[in-house]
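Novice: Pasting a structure below so you can have a look.
The values are calculated or read from the model by the stated rules, or taken from the named source; none is laboratory data. Just so it is clear, the model here is predicted, and its values are computed rather than measured. Glycine also receives a Cβ, built like all others from the backbone with ideal geometry; neighbour counts cover every protein chain displayed.
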Amino acid sequence: MPNEPSLPSPRLVRDPAAVAAARYDLAVVGGGIHGLFAAYDAASRGLSVALVERGDFGSGLSANHQRTIHGGLRALESGRFGKTRRQIAERRTWARIAPHLIRPLPFLVGTYRFSKRSRLAIRAGFRLYDWLGRSRNAGVVPELHLPRTRLESAATTKRLFPGVREEGLTGGAVWYDYQMVHPDRLVWVVALAAARAGARLLNYAEVTALAKDGARVTGVRVKDRLTGEMFDVEAAVTLVAAGAGLRAIVADAGGPPAPPLVRAMNLLVDRPARDIAVAARGPSGRMLTLVPWRERALVGTFQSDAPVEAGTRWSSSDLDAALADANATFPSLNADRASVRVVHHGLVPASVRNGRADLLADPRVIAYRRHGVRGLVGVVGTKFTTARRTAEIAVDEAQRELGGKHSRATTAARPLAHADIADVEGRLVETLREIGASLDADVLAHLESWYGTEAPAVVRYAAACQGLGRLSPEHPILDGEIAYAVTEACAVKLDDAVRRRTPLGSAGDPGRAALERAADIMTATLGWSAERRASELAEASSGK
């Protein structure tokens with residue numbers, strides 16, 4: 001896989017005037033993983049692209065998941081072999097395009113007598129799964145090769161899975177998927193790839209209406225949420241990948257309604273976790289997974305049984321119900337409200353059967369032209385794993401709307417910006433030698449892990465602005481990283497800088513000292529008033 005020493009770090013600047021000044025082949029609404037991949041894909045095919053996002057890139061549902069990239073084992077249980085093959089293929093694609101930002105992770109589930117999860121049934125299923133995934137490591141760097149599935153003894157299962165239900169336990173079943181090392185960074189490098197391909201991206205830009213000419217959508221009406229100014233983004237085709245916002249945006253367009261929504265929650269709990277994920281069925285009847293992340297336990301996914309309205313927030317009763325389900329499923333967790341560091345919450349598309357809502361099984365691309373509306377494509381995304389492929393199908397549909405020559409997607413073949421495996425340590429050491437600086441070992445490890453091949457550019461920037469000092473003694477984040485997030489990566493809020501452009505607050509409150517220092521740097525860089533600084537600190541510090 002090629003390295004990228006000759007490619008400059010793309011500078012992503014927030015420029016509403018530039019976005020409004022042109023007419024595009026494609027306007028993408030939504031800056032989550034599906035929308036960003038659609039913008040990247042379309043721009044890579046030579047289309048002119050603008051993307052608008054009402055919040056920050058990756059700040060919505062794309063931040064609410066269990067940090068894993070799955071190979072479709074659950075689909076195999078229901079006999080959906082084709083879906084399993086597709087997910088295995090997409091899992092392999094992630095390993096090819098973002099090897100720096102993922103790692104193999106084992107998963108363990110107990111096997112039981114006289115059940116669908118008996119040892120005999122699991123062994124048969126695993127043989128089929130290994131056969132379907134026989135090319136799972138093709139073209140993948142050796143460090144990311146996934147082993148075959150295996151069965152473990154009951155004794156080993158009890159040791160690896162403290163609190164596993166022991167009644168009828170015959171052993172355990174182990175398979176491997178990938179874990180995202182830094183999920184927020186992974187979303188961001190897709191944004192960087194889109195920008196590098198030529199797409200114009202704008203955060204904090206809310207679509208208030210579709211622009212229409214009769215039965216044709218001609219773009220979107222946008223409100224800049226920072227200034228209040230209104231402007232139009234004109235485009236031949238508009239692709240809406242706005243998650244829970246899809247229903248409201250396309251309400252007046254005609255065509256099929258967006259699917260109902262259910263609440264989904266994942267909890268990061270201040271409890272130690274082994275370096276293996278464990279899964280079990282909870283009292284709710286749904287499979288829950290406990291995943292190690294940032295040396296803590298990430299538990300989920302919990303969801304509501306009934307549909308909820310867009311814009312609904314989680315309540316204390318929702319949190320209590322999730323904790324009760326988690327503690328019953330994983331008794332050794334013993335979690336309470338005080339131990340919850342982060343609540344990842346989002347509204348996800350669902351289907352309703354027999355009066356009970358459940359997560360929508362498959363993504364959808366809605367071709368509104370089939371319903372009498374031209375120039376409009378909708379995306380209903382369901383999984384991070386398949387976001388790239390779903391975006392590819394959506395851009396294929398957009399190209400049909402545009403007519404002319406149909407070009408093919410290339411996003412499965414190109415490493416994402418700064419996500420390839422390279423000699424980052426060597427480049428950093430050389431950069432520090434050139435600028436005559438030294439950094440603590442934990443700071444170097446952080447820079448290598450988070451930024452990949454962008455790390456030397458970040459260090460040079462930090463040195464130029466006298467920002468090589470640490471935000472606080474407890475964190476390996478440099479002062480200069482916050483300024484870099486503002487001037488080079490369009491972070492406009494404190495939350496953007498500490499939760500998505502750096503890992504400072506991704507595992508919960510990083511402490512007042514670090515937040516205060518980050519707020520000071522953003523105040524100096526952006527010219528915030530004392531009132532704005534206080535507001536940003538309150539927002540970054542509030543709740544879970």
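Novice: Consider the range 451-488. How many of its residues are in contact with a His (Cβ under 7 Å, 6 or more places away or on another chain) and closer than 18 Å to E430 by Cα?
Specialist: Total satisfying the criteria: 4.
Novice: Another question about this same structure. Quick one: count up the residues across the range 131-149 that are surrounded by 15 or more Cβ atoms within 10 Å (Cβ to Cβ) and in contact with a Phe, Trp or Tyr (Cβ under 6 Å, 6 or more places away or on another chain).
Specialist: 2
Novice: OK, next. Which of the residues belonging to the range 200-259 are of a type outside the set (A, V, I, L, M, F, W, C), more than 19 Å from F57 (Cβ to Cβ) and not in a strand (DSSP E or B)?
Specialist: G214, G228, E229, R247, D252, G254, G255, P256, P257, P259
Novice: Out of L169, L128, which single residue is surrounded by fewer than 16 Cβ atoms within 10 Å (Cβ to Cβ), among the aliphatic types (A, V, I, L, M) and in contact (Cβ under 8 Å) with a residue 40 or more places away in the chain?
Specialist: Exactly one residue qualifies, and that residue is L128.
Novice: Being small (G, A, S) and farther than 16 Å from A391 by Cβ is the filter; apply it to the range 199-213 and report the residue that is surrounded by the fewest Cβ atoms within 10 Å (Cβ to Cβ).
Specialist: First, pick out the residues of the range 199-213 that are small (G, A, S): 199, 205, 209, 211.
With farther than 16 Å from A391 by Cβ added as a condition, the list becomes 205, 209, 211.
Values: A205: 27, A209: 14, A211: 19.
My answer is A209.
Novice: If you don't mind, there's one more thing I want to ask. Identify all residues within the range 378-426 that are more than 29 Å from G255 (Cβ to Cβ), surrounded by fewer than 18 Cβ atoms within 10 Å (Cβ to Cβ) and of a type outside the set (G, A, S); write none if there are none.
Specialist: Listed by number, the residues that qualify are T410, R414, I421, D423, E425.
Novice: Also, I was wondering about something else. Would you check if L494 is at pLDDT 95 or above and touching a strand residue (DSSP E or B) at 6+ places or on another chain (Cβ under 9 Å)?
Specialist: So L494 fails the test.
Residues are listed down the side, and each one gets a yes or a no for (1) touching a Lys or Arg at 6+ places or on another chain (Cβ under 9 Å); (2) outside the structural domain of V237 (by TED's automatic domain parsing); (3) farther than 20 Å from Y178 by Cβ; (4) surrounded by fewer than 21 Cβ atoms within 10 Å (Cβ to Cβ):
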residue	(1), (2), (3), (4)
G58	yes, no, no, no
S78	no, no, yes, yes
R85	no, no, no, yes
L151	yes, yes, yes, yes
A155	no, yes, yes, yes
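Novice: Kindly evaluate G55 against the criterion of being assigned to a loop (DSSP other than H, G, I, E, B) and either touching a Ser or Thr at 6+ places or on another chain (Cβ under 6 Å) or closer than 29 Å to P104 by Cβ (or both). Full working, then the answer.
Specialist: Working: assigned to a loop (DSSP other than H, G, I, E, B): yes; either touching a Ser or Thr at 6+ places or on another chain (Cβ under 6 Å) or closer than 29 Å to P104 by Cβ (or both): no.
So G55 does not fit the description; no.
Novice: From R364, R313, grab the single residue that is in contact with a Gly (Cβ under 9 Å, 6 or more places away or on another chain), modelled with pLDDT under 95 and basic (K, R).
Specialist: Going through R364, R313 in turn, just one is in contact with a Gly (Cβ under 9 Å, 6 or more places away or on another chain), modelled with pLDDT under 95 and basic (K, R): R364.
Novice: When you check A538 against the structure, is it in a helix (DSSP H, G or I), among the aliphatic types (A, V, I, L, M) and touching a residue at least 24 places away in the same chain (Cβ under 8 Å), yes or no?
Specialist: So A538 does not fit the description; no.
Novice: Being in a loop (DSSP other than H, G, I, E, B) and either under 22 Å from V348 (Cβ atoms) or not assigned by TED's automatic domain parsing to the domain that holds V207 (or both) is the filter here; which residues of the range 26-52 pass it?
Specialist: Those that are in a loop (DSSP other than H, G, I, E, B) and either under 22 Å from V348 (Cβ atoms) or not assigned by TED's automatic domain parsing to the domain that holds V207 (or both): G30, G31, G32.
Novice: Using beta carbons and a limit of 6 Å, which pairs, at least six apart or on different chains, have the first residue in the range 248-259 and in contact (Cβ under 8 Å) with a residue 40 or more places away in the chain and over 13 Å from V29 (Cβ atoms) and the second one among the aliphatic types (A, V, I, L, M) and assigned to a loop (DSSP other than H, G, I, E, B)?
Specialist: That search, which allows pairs on different chains as well, returns G254/V373; G255/V373; P259/L360.
Novice: Looking only at the range 98-111, which residues are of a type outside the set (D, E, K, R) and either under 18 Å from G72 (Cα atoms) or surrounded by fewer than 22 Cβ atoms within 10 Å (Cβ to Cβ) (or both)?
Specialist: I102, P104, L105, P106, F107, L108, V109, listed by residue number.
Novice: To continue, here is another question. Answer yes or no: is there a residue in the range 92-110 that is free of Cβ contacts under 8 Å to residues at least 40 places away in the same chain and either in a helix (DSSP H, G or I) or touching a helix residue (DSSP H, G or I) at 6+ places or on another chain (Cβ under 7 Å) (or both).
Specialist: Here is the first cut: in the range 92-110, the ones free of Cβ contacts under 8 Å to residues at least 40 places away in the same chain are none.
Scanning the range 92-110, I find no residue that is free of Cβ contacts under 8 Å to residues at least 40 places away in the same chain and either in a helix (DSSP H, G or I) or touching a helix residue (DSSP H, G or I) at 6+ places or on another chain (Cβ under 7 Å) (or both), so the answer is no.
Novice: Yes or no: the range 285-297 includes at least one residue that is without any contact (Cβ under 8 Å) to a residue 12 or more places away in the chain and surrounded by 15 or more Cβ atoms within 10 Å (Cβ to Cβ).
Specialist: Taking every residue of the range 285-297 in turn, none turns out to be without any contact (Cβ under 8 Å) to a residue 12 or more places away in the chain and surrounded by 15 or more Cβ atoms within 10 Å (Cβ to Cβ).
Novice: Could I ask something else about it? Counting just the residues of the range 145-166 that are in a helix (DSSP H, G or I) and without any contact (Cβ under 8 Å) to a residue 40 or more places away in the chain, which one comes out nearest to A328 (Cα to Cα)?
Specialist: K158
Novice: May I ask you to say which residue of A445, A441, A398, A455 is under 29 Å from the mean Cα position of the chain (by Cα) and touching a residue at least 40 places away in the same chain (Cβ under 8 Å)?
Specialist: Checking each option against the conditions leaves just A398.
Novice: Tell me which residues, restricted to the range 381-405, are part of a loop (DSSP other than H, G, I, E, B) and within 10 Å of V365 (Cα to Cα).
Specialist: Here is the first cut: in the range 381-405, the ones part of a loop (DSSP other than H, G, I, E, B) are 381-386, 403-405.
Once the filter is applied, which keeps residues that are part of a loop (DSSP other than H, G, I, E, B) and within 10 Å of V365 (Cα to Cα), the range 381-405 yields only G381.
Novice: Show the residue pairs that are 6+ apart or on different chains and have beta-carbon atoms under 8 Å apart, the first residue being within the range 203-217 and assigned by TED's automatic domain parsing to the domain that holds W188, the second being polar (S, T, N, Q) and crowded, with 23+ Cβ neighbours inside 10 Å.
Specialist: Correct list of pairs: L210/T238; V217/T238.
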